[in-house]
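One structure is given here, and the rest of the page talks about it.
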Amino acid sequence: MCEILAIRWAQPRSFGEILPWAIELEKLGIAGFGWGAAWRTIEGHFEIYKSLGRLQDDTSGQEQLRDVHADRFLVHLRRPSMLSTVQEADTQPFLAADGSFAFSHNGLLERSEDLRPRFAEHLQGAGDSEVAFQLLSRELLPALAPGEALADLHRQMGGEANLVYFPATGDPWIYGGHRTNPMWTFRIGDGHAAATALHSADDSLFRLIFAAAEERRPVGETPVYL
């Protein structure tokens, strides 16, 4: 039930420029159970901000990030499938310990509990997405190319899954495997972007938020780079 916005700029831009889009994604996508953002620093690694509140109400977080400049941003706006998982450990994006990549998922991974014992010592939360993050970072990325790793993650965990892998070096990868909230890629100015579709079966994502978007393409179960 979450919404995701990922964007790669040609040159660093401020978080303040994408903030209105993120707020509208949260409101129209009926999120508001926590939000987070990851961005690539000038030093070449990712940093992260997370909050358990709503983005539109988090004036402190908005002010803290508004003037952050980066060429890669990943924003996750949460409406969890299980309300028992509303805690900071389950708030996304997830960040590799060394800052080398950020990861987000939306949907419901039906086999997450089968895999949870395998990663129990590394898990802090109770949601399915953190299990996916551990599977990706500990087993799939060391063995497979990023696009293949995302596809294999969905194959192993089942259910509904939009997946975003945002590395500090190399291409970001997007995977669309959510039937009722598809992922789209598009160009907006000099940015390459991806966003979920507001759980709306029409073109509301573009009519209501990204009216200036060009090269609009739905993302399917063949991963694409951003």
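The values are calculated or read from the model by the stated rules, or taken from the named source; none is laboratory data. Here the structure is a predicted model, which means the values were calculated and not measured. Backbone-built Cβ (ideal geometry, glycine too); neighbour counts: all protein chains shown. For accessibility, only protein heavy atoms count, side chains too; no ligands or nucleic acids. Shrake-Rupley method; radii C 1.70, N 1.55, O 1.52, S 1.80 Å.
Just a few scattered comments:
- Vicinal HN-Hα couplings computed from phi for region 198-206 (Karplus, 6.51 cos²θ - 1.76 cosθ + 1.60; Hz; Gly/Pro x): 6, 6, 10, 7, 10, 9, 4, 3, 8
- Only one residue of GLY147, PHE101, THR196 has its Cα farthest out toward the positive end of the dipole of the chain, where Lys and Arg carry +1 and Asp and Glu -1 on Cβ, and that residue is THR196.
- Dipole magnitude (debye, nearest 20) for the chain, charges at Cβ of Lys, Arg, Asp, Glu: 240 debye
- Residue-wise HN-Hα couplings along region 29-37, as the Karplus relation 6.51 cos²θ - 1.76 cosθ + 1.60 with θ = phi - 60° gives them from phi, are x, 6, 8, x, 10, x, 8, x, 9 Hz; Gly and Pro carry x.
- Table column - 3J(HN,Hα) (Hz), region 143-156, Karplus curve with 6.51, -1.76, 1.60, x for Gly and Pro: 10, 10, 5, x, x, 5, 4, 5, 4, 5, 4, 5, 4, 6
- Within the listed set PHE133, PHE103, PHE210, the Gaussian network model of the chain (springs between alpha-carbon atoms below 10 Å) gives the highest mean-square fluctuation for PHE210.
- Among the protein heavy atoms of region 157-206, carbon and sulfur supply 51% of the accessible surface, probe 1.4 Å, non-protein parts ignored.
- Ranked by how many other beta carbons lie within 10 Å on average, peptides 35-41, 182-188, 63-69 from highest: 35-41, 182-188, 63-69
- Solvent exposure of region 70-158, expressed per residue, is 40 Å² of accessible area, with all protein chains present and a 1.4 angstrom probe.
- Of all accessible heavy-atom area on region 42-94, the percent that carbon and sulfur account for (1.4 Å): 44 percent
- The mean sequence separation of alpha-carbon pairs under 8 Å and at least six residues apart, normalised by the residue count of region 150-222, gives a relative contact order of 29 percent.
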